[in-house]
Amino acid sequence: MTSRQLWTPGAWLAIAAWLLWSVPSMVTPGMTVDDLAIAFLIGVLALIVAAIFGIGIHAILNTAHVAEGRLVLVAVHATMGAAAGLTIVLVGQAAGLADAMPAVARVLVSAIVTAWFLDAMLSLDTTRDALAEQREILLAHGAGAGPG
């Protein structure tokens, strides 16, 4: 996501979807309410780590004058997801939570899910913006034509 698209409705939906995916994916049989609260906090921390990675990578790409095409953005999003997945694994182990999936699978699944979902949200936001711009052009053209 570019900095302009960081706080769009699509980004907020991506954040909510991440929590809805990450927290239940940490649930194991016999978890206590306290463990569930810790899992939620770990999900939020993973989001923060992913955002920091994303902002840092975008800053590096902007400094290097790299065009942020779709493939570059998917790679950035996958890196953000991998960072979030690794955060879940490391902090979950440090907190003593049993992980519901192997560490490598957690990182890979997080990378794939994040890249896919953020790409989908970015595509929806881009399409919505293009349609709104076309609508404004049509309205301006229609208002300027007037009765003939």
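Coordinate-derived values only; no laboratory data. Being a predicted model, the structure only gives us computed values, none of them experimental. So basically every Cβ, Gly included, is an ideal-geometry build from the backbone, and we count neighbours across all protein chains shown.
The figures follow:
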| read-out | value |
| --- | --- |
| ³J(HN,Hα) computed for each position of the range 103-113 - Karplus, 6.51 cos²θ - 1.76 cosθ + 1.60, integer Hz, glycine/proline x | 4, 4, 5, 4, 5, 5, 5, 4, 5, 5, 4 |
| Ordering of 66-79, 27-40 by burial proxy (mean other Cβ atoms within 10 Å per residue, highest first) | 66-79, 27-40 |
| Neighbourhood net charge (15 Å Cβ-Cβ; Lys/Arg +1, Asp/Glu -1) for ALA39 | -2 |
| Average Cα contact separation per residue, the range 3-142, under 8 Å, 6 or more apart, as relative contact order % | 29 percent |
| Ranked list, fewest to most other Cβ atoms within 10 Å of each Cβ, for THR87, THR114, THR126 | THR126, THR87, THR114 |
| Estimated 222 nm signal from helices in the chain, with DSSP H stretches of n ≥ 4 weighted -39500 (n - 2.57), rounded to 500 | -28000 deg cm²/dmol |
| Estimated vicinal HN-Hα couplings, Hz - the range 71-86 in sequence order (Karplus 6.51, -1.76, 1.60; Gly, Pro = x) | 5, 5, 5, 4, 5, 5, 5, 5, 5, 4, x, 5, 5, 5, x, 5 |
| Exposure proxy ranking, count of Cβ atoms within 10 Å, fewest first, for SER110, SER123, SER25 | SER123, SER25, SER110 |
| Radius 13 Å from Cβ of ILE88, net charge of other residues (Lys, Arg +1; Asp, Glu -1) | 0 |
| Whole-Hz ³J(HN,Hα) from phi, Karplus 6.51 cos²θ - 1.76 cosθ + 1.60, for the range 42-57, glycine and proline x | 5, x, 5, 4, 4, 4, 5, 4, 4, 5, 5, 4, x, 4, x, 5 |
